[in-house]
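This report concerns only the one structure given below.
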Amino acid sequence: MVYVTRREVFSAAHRLFNPDLSDAENDALYDKCNNPNGHGHNYVLEVVVAGEIDPVTGYVVDLKKLKDIIREHIIRKADHKHLNLDVDFMKGIIPTAENIAVAVWNQLVDKIPSGRLFSVRIKETENNYAEYRGE
């Protein structure tokens, strides 16, 4: 099994807020990430595809095709947007790194042309990231 990774970067704003909780509960839970106007990150997205190497092409997946798929279904929709307000695949979801990773997975899982989607990693900061493997 070979694992191939494509890295993309996008900038987006978000607000961590649960509408089922009171303002005080949201403040206690999310602190500065609950700023009513949101705050932003330069996200690093890593998409990993696993598979066998095709003997004809030498690829697990054509990275140009993978790049185009990620840009069409994720980057174009999320870059320089507010995840809570502007991004269709994040509607009604608290945009934590964990939830973003799952939402990205759901957007990509059936669009990978060869191999299989193995994981999605979203780095929110240099020190914090979430990874989802569809399990």
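The values are calculated or read from the model by the stated rules, or taken from the named source; none is laboratory data. Keep in mind that this is a model prediction, so the values were computed, not measured. Heads up, the Cβs are rebuilt from the backbone with ideal geometry, glycines too, and the neighbour counts pull from every protein chain shown.
List of remarks:
- Entry remark, segment 10-37: residues being farther than 22 Å from residue 81 by Cβ, in a loop (DSSP other than H, G, I, E, B) and of a type in the set (D, E, K, R) number 1 in total.
- If the condition is being more than 17 Å from residue 117 (Cα to Cα), within 21 Å of the chain's Cα centre (by Cα) and assigned to a loop (DSSP other than H, G, I, E, B), then segment 38-64 contributes only 38.
- Residues within segment 51-89 that are touching a residue at least 40 places away in the same chain (Cβ under 8 Å) and of a type outside the set (Gly, Ala, Ser), tallied: 23
- Close Cβ contacts (under 8 Å, 6 or more residues apart or on different chains) running from residues in segment 19-31 that are closer than 16 Å to residue 96 by Cβ and modelled with pLDDT of 95 or more to residues that are among the small types (Gly, Ala, Ser) and surrounded by fewer than 13 Cβ atoms within 10 Å (Cβ to Cβ) are absent.
- Among residues of segment 1-14 that are of a type in the set (Lys, Arg), those with a beta-carbon under 7 Å from a residue that is outside any strand (DSSP E or B) at least six positions away or on a different chain give the pairs 6/63; 6/66; 6/67; 6/70.
- Out of 7, 71, one residue alone is surrounded by 12 or more Cβ atoms within 10 Å (Cβ to Cβ), basic (Lys, Arg) and part of a helix (DSSP H, G or I). It is 71.
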